[in-house]
1. Among the residues of the range 154-177, count how many are crowded, with 17+ Cβ neighbours inside 10 Å and at pLDDT 85 or above.
2. Taking interchain pairs and intrachain pairs at least six residues apart, which have beta carbon atoms under 6 angstrom, with the first residue in the range 251-262 and over 13 Å from L40 (Cα atoms) and the second of a type in the set (D, E)?
3. Output yes when any residue across the range 297-304 is buried (at least 21 other Cβ atoms within 10 Å of the Cβ) and outside any helix (DSSP H, G or I), and no when none is.
4. Just to check your reading of the model, which residue among R351, R377, R404 is modelled with pLDDT under 95, under 16 Å from P227 (Cα atoms), among the basic types (K, R) and in a helix (DSSP H, G or I)?
5. State yes or no: is L226 assigned to a loop (DSSP other than H, G, I, E, B), closer than 19 Å to A341 by Cα, modelled with pLDDT of 80 or more and not acidic (D, E)?
6. When you look at A395, is it aliphatic (A, V, I, L, M), touching a Leu at 6+ places or on another chain (Cβ under 7 Å), closer than 27 Å to F56 by Cβ and surrounded by 20 or more Cβ atoms within 10 Å (Cβ to Cβ), yes or no?
7. With the condition kept exactly as written, say whether any residue in the range 11-22 is touching a His at 6+ places or on another chain (Cβ under 9 Å), crowded, with 24+ Cβ neighbours inside 10 Å and at pLDDT 75 or above.
Amino acid sequence: MVEKDKGTPETDEGRIHPVVKATGWVSFFTDLGSELIYPLLPEFLTVTLKVPKYMFGLIEGVAEGTPAIVKYFAGAISDRVRNRKWLIFAGYALSSLVKPFIGLTKYAAIALAPFLVLALRILDKIGKGVRGAPRDAVVADFSEGKQGKSFGYQRAMDHAGAVAGGLVAFVLLRLAGLPIEWAIVLSIIPGVLSLFVIGFFVHDRPDRAVGVGRKEAGATVGKPALPRAYYVYLVSAVLFTLANSSDGFLLIRAREMRLDIMYIPLVWAVLHVVKTITAYIGGTLSDRIGRKPVLFFGWLLYAVVYAGFSFLDGPAAVWALFPIYGIFYGATEGVAKAFVADLIPSGSRGRAFGILGMVEGLLLIPTSIVVGLLWDRMGTGQVALAAEAGLALLAAIWLIIFVRAPGQSPAKTE
C-alpha cells in the first residue's frame, strides 16, 4: 500500500490530511460504541442497580478523574516517543475491550455491581487517558495553520459516531426488544472496527521533533517551558470544569422532566446531530475570526442551557434544550483544543494537552460527587444545575477579560 504525504502536514489549502481523517473514523467507531452505552447508563445504574445519585456522581466522577493522571504522563511520554501510534492503539484497545462487560454487572450481587461498574469505567477511561493526548498531538502536528478545521473535523466524526450510537441503542431497545444490559454488550463490535482503522491507517510524522529537553528562554532545566498565556487560560478551564459535571446528570434530569426512557437515546442522538453539524463549522469559524470569541460564546450558551434545565419542566423543554446544548459543544470542543495548540510550540503540545486533561479530569471527581450529594439532599437537580450555570458564567467572564488570544501572545522560543 502506497502512503502519500506520509511525513508532512496539510500541503493544500483547506485540505485535511489523511491521517487526521483516519483519526476521525477511529473516533466515529469508538463513539458509536461508547454512546450506545452512555444514554442508557444513568437508567442502568439508578434504576436497574438502584444506586443513589451521589453514588452515580462518584462512579462518573472517579471514572473521569482517575485517568487524568494517565493523561498527563501519556502526554509527556508522547512528546518523547518516536511512534505515538502504539500509545493510541493501546488506549483504544483497553476501552473497547472492557466496556461491554458493564452490561454483565447486572448479574453480579446487587451490593457488588456498582463497584464493578466503577472498576470497568475506570479501565475504560484509563484507555481514554492513554490515547487522548498523543492522538491530539498527532492531529495538531498534521494540521499546522488549520488546527481549528482539523480538530473540528475530528470532533464532528466523533459526534457522528455518537449519533449512530444513540440510534442503534433506540433500535436495540425499542424495535429489537433487547434489555439494556445486552445492548451494552454489543458495543464491542464498533470497538473492534476502530482498532482496525488505527492498525492500517494511522501513523506518526517520522520527521517530527522528539523530546522537549532543550532549554527555552525563561525556562529552567527540567521544568516545562510552557508560555504564561497557557496557564492564564488554564484558570478559566478550571472554573468551567467546576461547572461541568457528568452529562449523565442531564439525562437523569430529563427523566425528572418526564421524558420516557425509550426516547432518551433519541434525544441523545439529536444532541449529537447538532454537535456533528456545529463542530466543523465552529472549528472553521475559529480559524477565521479567532478561537476566543467562539469559545466565549459557547461557554455563555452552556450557562443558558444549564439554567434552562434548572428552571424549566416537561418533555418539550428537554427536546428544546438538548439541541442548544449541542451548539455549545460545537463551539467549544475542537476550538478549545485548537486554542491550546496555538499557544504551545509543537514539541510540547503533548505535555500541554496532558496537563489540561489532568486538571480537568481530577476536578470532575469532587464536582460530580457534590452535584450528586446536592441532588439527593434536595430531591431534585434544579439547585445543582443552577449553581453550575453560575460557575460557567464566571469562567466565560475570566476568559474574555484575562485570557489573551494566541495571536496576541504567541508561543515561541527566542
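1. Of the range 154-177, the ones crowded, with 17+ Cβ neighbours inside 10 Å are 154-170, 172-173.
Subset that is at pLDDT 85 or above: 157, 161-170, 172-173.
Qualifying residue count for the region: 13.
2. M257/D313
3. Within the range 297-304 (the criterion being buried (at least 21 other Cβ atoms within 10 Å of the Cβ) and outside any helix (DSSP H, G or I)), the answer is no, since none of the residues qualifies.
4. Details: R377 fails: under 16 Å from P227 (Cα atoms); R404 fails: in a helix (DSSP H, G or I).
Among R351, R377, R404, only R351 is modelled with pLDDT under 95, under 16 Å from P227 (Cα atoms), among the basic types (K, R) and in a helix (DSSP H, G or I).
5. yes
6. The answer is yes for A395.
7. Yes: the range 11-22 contains one or more residues that are touching a His at 6+ places or on another chain (Cβ under 9 Å), crowded, with 24+ Cβ neighbours inside 10 Å and at pLDDT 75 or above.
Every residue, every condition in (1) under 27 Å from I59 (Cα atoms); (2) in contact with a His (Cβ under 7 Å, 6 or more places away or on another chain); (3) surrounded by fewer than 21 Cβ atoms within 10 Å (Cβ to Cβ), yes or no:
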{"residue": "Y329", "(1), (2), (3)": "yes, no, no"}
{"residue": "K337", "(1), (2), (3)": "yes, no, no"}
{"residue": "G361", "(1), (2), (3)": "yes, no, no"}
{"residue": "I365", "(1), (2), (3)": "yes, no, yes"}
{"residue": "D376", "(1), (2), (3)": "yes, no, yes"}
{"residue": "G379", "(1), (2), (3)": "yes, no, yes"}
{"residue": "A384", "(1), (2), (3)": "yes, no, no"}
{"residue": "I401", "(1), (2), (3)": "no, no, yes"}
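The values are calculated or read from the model by the stated rules, or taken from the named source; none is laboratory data. What you see is a predicted model, and the numbers here were worked out from it, not measured in a lab. In this analysis, Cβ positions are derived from the backbone assuming ideal geometry, glycine residues included, and neighbour counts consider all displayed protein chains.
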